[in-house]
2 protein chains.
Amino acid sequence: MAGRILGVSALGLLAFAVIPAAAETPDREQVLVAVEAQRDVTVKALQDWIALPTIAAEKRNTPAGAEYMRQLALDAGFQQAKMIPTDGVPAVFATLDAGAKTTVGIYFMYDVKQFEPSEWSSPPLEGRLVDRPGEGLVMIGRGAVNQKGPQMAFLAAIKAIQAIGRKLPVNLVLVAEGEEEVASTHFDQVVAVPEVRDALAKSIGVFIPSAAQSKDGSANITLGAKGAVEFQLVVGGETSDKYPKTDIHSSNHARIENPAWRLVKALDTLVADDGHTPAIDGWFENVRPLTERQKQLIAEIAELNPEDQEKVLLGVGRWIDDEPYITSLERFYSQPTVNIQGLIAGYTGPGGKTVLPGRAEAKLEFRLVPAMTGDEAVSKLKAHLAKRGFDDVQITVSGGYGPNETEEDSILIEAQKKLFEQTGIAYSIRPRNAGSWPGVIFNGPPLNLPASQFGLSRGGGAHAPNEWFLIKSSDPKVNGLDEATMAYVDYLYVIEQETAKGSD
Amino acid sequence: MAGRILGVSALGLLAFAVIPAAAETPDREQVLVAVEAQRDVTVKALQDWIALPTIAAEKRNTPAGAEYMRQLALDAGFQQAKMIPTDGVPAVFATLDAGAKTTVGIYFMYDVKQFEPSEWSSPPLEGRLVDRPGEGLVMIGRGAVNQKGPQMAFLAAIKAIQAIGRKLPVNLVLVAEGEEEVASTHFDQVVAVPEVRDALAKSIGVFIPSAAQSKDGSANITLGAKGAVEFQLVVGGETSDKYPKTDIHSSNHARIENPAWRLVKALDTLVADDGHTPAIDGWFENVRPLTERQKQLIAEIAELNPEDQEKVLLGVGRWIDDEPYITSLERFYSQPTVNIQGLIAGYTGPGGKTVLPGRAEAKLEFRLVPAMTGDEAVSKLKAHLAKRGFDDVQITVSGGYGPNETEEDSILIEAQKKLFEQTGIAYSIRPRNAGSWPGVIFNGPPLNLPASQFGLSRGGGAHAPNEWFLIKSSDPKVNGLDEATMAYVDYLYVIEQETAKGSD
């Protein structure tokens, strides 16, 4: 779900932004020449990757995408790369030993979200280069920004360093999964493999390449993310013989139960009458309140992001309970949610149709905050419904994970601040990403590593038609592919420097 | 919705059935020869009619179907036939003055239900003749049984009488509507036209040709039907600025209301916690309990239709509240319902998708029993939701009408009994059809006429793929097209005889 944060409006940016100064990267000019020299190859490689969409929900290219990912790692200089089988889609594990003191973990997702070609202005698997007014030359394709573009820029960065005959400043451990878009269903199995776990345990933390640069060139640092658990509730002939096996004539509701009503009754117990406060038994017992530092960061965000603008972006006129903006933002970052993603039952075409549905389904999702866990949330849901007698409501958990949280003084975060300051890039700090990514796999036990997102590239339309990634920016303050690639180069060197400082 | 009663399992049939004896119809042999002589023309005419589907929901052939209907009436000997414009799809009004003492009202629907060709075994508009094992030669096509087949048989009947040089025994007033499948939205406007109203007012009652013969050749008489009102509840950006205008990233539910929750909260108030008893304020105040005669008829039905067989047909293992069969049947015929036909909100594909829906819709329907009315039910719904503050829940009534009820001693019903007895056809009497047809238009004020369904033809699959109508029966006890046509001939003569008896 990493890319999903792009759906959340960009929050937090200082009022100024300057053209990035050079970072303290050795041979930076030479690396930049190498990045530019390999640009056409990188663009073509990104197009080729987009042409092979792995979609776990559709079982599309699930082994093929893993093998492709493995080759991409080898091509980028990883000395070994192997598939890690799981009960679902295989992952890829790769290592690049640069003989460095510091090891950095890298998390990739090689899968993409479903797409409907008829909704796109250019073919979703073509990776066509088009001009996007106000941005520059962009590539359009499924996965362009979520997450193949940023990941390809990262691979281009390490290739460029090696291309000029240098060793990387850090060793790398890469884990790439193919089920991110289905809530990383089997990712815990990957990290549980001793070889993978031991390699990651040596790292100073794990980050995912991302496209987090705002339109004005500013950057965001996030200190964690909410967890997410997706599940479906189903009632119908398949769950109880009280309901018909198929849609039948609606006159029968006078004598036969309707599974849609039963679903409504079950759903109704999950949130309070206000329509948003979770009402699952014991839901809030492990929810930590915001710290003073987190509230301070939120207040800064509120100041930098005009409320009116936020409302326009989101297409709403009011916040929950007509709360003031600052309260709504504190909610946004601090509150765990029980959300209905979708409802489907019986007849769904225009107007009506006289049927009694044979099946009703609600698609829901939890967003979890520290110190809730995914297992805790699922257990509480099951106990809540069981206690109320909803034994005919089938619960299917399609995936999920708990929240993650990384300290501001971790090397991963300190290095981001340092890089932005060195290069004069304005930035703000978010206490938490209200969206989710499976950082808890690294951040939680047994690894307990810092986990972060980093990337100075830019794009949009994740999970939507016409997903795009910026290749050549029309604004010097905003990074295109080459500059985004250089940002990864610089970041790895700053991490190395920060680690060395720490070990002094 | 007349055809929808076919979705309800055939209930009530005596344990025996004999080959029909001849009715007391003058020149019956000659009429039969005429029916057989015109059979190929009739079959072709039915195929041609099926080839022109009028579907109000899709605005398909809405003026064309009315004009076609008008021509069919003229071809069948109606002296005048005209279109009656409405705020929706036009109706057709036609009269055939035979100089008789008695006038009979005929109700036609010329529209059909939507269809999806890929689900059919033969093209839905072709009217292909195929062998159906256990039934005989049938015509497959949308509208075959609901309601073009039975209506074409009726037209063939009056043509045959005229073909041998006789006048009809009764005068006819025909009203044909093109919005039956969208709950007869504007049909009240048709009957309100003075010319139409006055013509109908002279009739002894109105019937719709239907295909009500059971597989064993027995017939059913129904003494009315429940009313039906279809409506949709919509919540979303279009109803309040509390909700987003489109689906947005689900993380925002921490600060923005979800219309699907609001819909659940509104729906939850409409039925009791048992998931079926209507809980709309004042809902039951005009509901009449079953009479002793109605209970007696239901007990007979229960005896003739084994419970196990009913459950298998409906695909369920239990009745509401695990009630005994007889209680469930009393419910079926007597209880008004609030049914969810369908739910649709946000993401509806496989698995989950992290969205907060911009819109949530529930499709519902009321089934009403005497002495409820359609207007009453809608007013109570609106008052109920308004009282609870659901002013952001938009109610769209897509159509509907109240219940109808016709006395057992009315001429329309007495003539059916007489005909079945004369011809040795076993029959049972249902106190009410749990399905619906807009008979209340005739049965309620200001006309207050008997309204009934009649027809000894047979078919199935109304509203489903592969809808069929029996053309040539493989069982002598069951009527094919010719025999069904003759049953209408006989019915008109019996009505004339019964009326004459009444006026003696």
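The values are calculated or read from the model by the stated rules, or taken from the named source; none is laboratory data. None of the values given here were measured: they were computed from a predicted structure. Cβ sites come from the backbone with ideal geometry, for glycine too, and all protein chains shown count toward neighbours. Please note that ligands, DNA and RNA were not included when accessible areas were found on the heavy atoms of the full protein model with its side chains. Shrake-Rupley method; radii C 1.70, N 1.55, O 1.52, S 1.80 Å.
Descriptive notes on the structure:
- Note on B:Thr337: accessible area approximately 10 square angstrom, rounded to 10, probe 1.4 Å, nucleic acids and ligands left out.
- Accessible area of region A:76-202 belonging to carbon and sulfur atoms, whole % at 1.4 Å probe: 51
- Working ranking of peptides A:52-62, B:84-94 by packing, defined as the average number of other Cβ atoms within 10 Å per residue, highest first, is B:84-94, A:52-62.
- Sequence of A:Asp375, A:Asp27 when ordered by accessible area, the most exposed leading, probe 1.4 angstrom: A:Asp375, A:Asp27
- Rounded to the nearest 10 degrees, the angle from helix A:62-75 to the longest Cα principal axis of chain A is 10 degrees.
- Only protein heavy atoms count here, probed at 1.4 Å, and on that basis chains A and B bury about 6900 Å² of accessible area in total.
- Å² per residue, accessible surface of chain B at 1.4 Å: 34
- Cα-based helix-to-principal-axis angle, B:149-163 vs chain B, degrees rounded to 10: 20
- Taking every DSSP beta bridge that has both ends in chain B, the antiparallel portion is near 75%.
- Of the residues making up region A:266-303, those losing 20 Å² or more of accessible area when the isolated chain is joined by the remaining protein chains, with a 1.4 Å probe, are A:Leu267, A:Asp268, A:Val271, A:Asp273, A:Gly275, A:His276.
- The magnitude of the dipole of the protein assembly as shown, with charges of +1 and -1 set on the Cβ of Lys/Arg and Asp/Glu and taken from the Cα centre, is near 700 debye.
- Surface share of carbon and sulfur [accessible, 1.4 angstrom probe, percent] for region B:398-504: 50
- Residues of region A:310-328 buried by at least 50 Å² on assembly (accessible area, 1.4 Å probe, chain alone as reference): A:Leu314, A:Gly315, A:Val316, A:Arg318, A:Ile320
- Surface accessible to a 1.4 Å probe, B:Arg128 within the full protein complex, Å²: 100
- Dipole axis of the protein assembly as shown (+1 Lys, Arg; -1 Asp, Glu on Cβ), positive-most option in B:Val235, A:Trp468, B:Val33: B:Val33
- For region A:435-495 versus region B:438-504, the gap between their alpha-carbon centres in whole angstrom: 72
- The value of relative contact order for region B:267-380, using C-alpha pairs under 8 Å at least six residues apart, is 29 percent.
- Annotation: A:Leu313 carries an accessible surface of approximately 110 Å², with a 1.4 Å probe and no ligand, DNA or RNA atoms counted.
- Per-copy distances of the B:Pro85 label point, shortest first, in nm (7 angstrom along Cα→Cβ): 7.3
- For the pair region B:103-159 / region A:79-104, the C-alpha centres are spaced 65 Å from each other.
- Farthest positive-ward along chain A dipole, Cα basis, beta-carbon charges - from A:Ile395, A:Pro431, A:Trp319: A:Ile395
- HN-Hα J in Hz across region A:91-98 - Karplus 6.51, -1.76, 1.60, θ = phi - 60°, x for Gly and Pro: 9, 10, 10, 9, 10, 10, 8, 9
- Within region A:160-256, GluC sites (Glu not before Pro) in DSSP loop having at most 15 other beta-carbon neighbours inside 10 Å: A:Glu238
- Think of each Lys and Arg Cβ as +1 and each Asp and Glu Cβ as -1; about the Cα centre, that makes the dipole of region B:228-273 roughly 200 debye.
- Per-residue [θ]222 nm for chain A (sum of -39500 (n - 2.57) over DSSP H runs n ≥ 4, rounded to 500): -9500 deg cm²/dmol
- Fraction of accessible area attributable to carbon and sulfur, region B:210-274 (%, probe 1.4 Å): 49
- Charge dipole of chain A (Cα centre as origin; +1 on each Lys and Arg Cβ, -1 on each Asp and Glu Cβ, all else neutral): 700 debye, rounded to the nearest 20.
- Averaged over the residues of B:239-247, the number of partner chain Cβ atoms lying within 10 Å of the residue Cβ comes to 4.
- Heavy-atom accessible area ranking, 1.4 Å probe, most first, across B:Tyr493, A:Tyr347: A:Tyr347, B:Tyr493
- Principal-axis tilt of helix A:28-37 within chain A, Cα atoms, nearest 10 degrees: 60
- Counts of other chain beta carbons within 10 angstrom of each beta carbon in peptide B:362-371 average 4.
- Pairs of Lys in region A:201-359 closer than 26 Å at Cα, counting only those 8 or more apart or on different chains: 12
- Mean per-residue shielding of peptide B:333-340 is 6, counting Cβ atoms of other chains within 10 Å of each Cβ.
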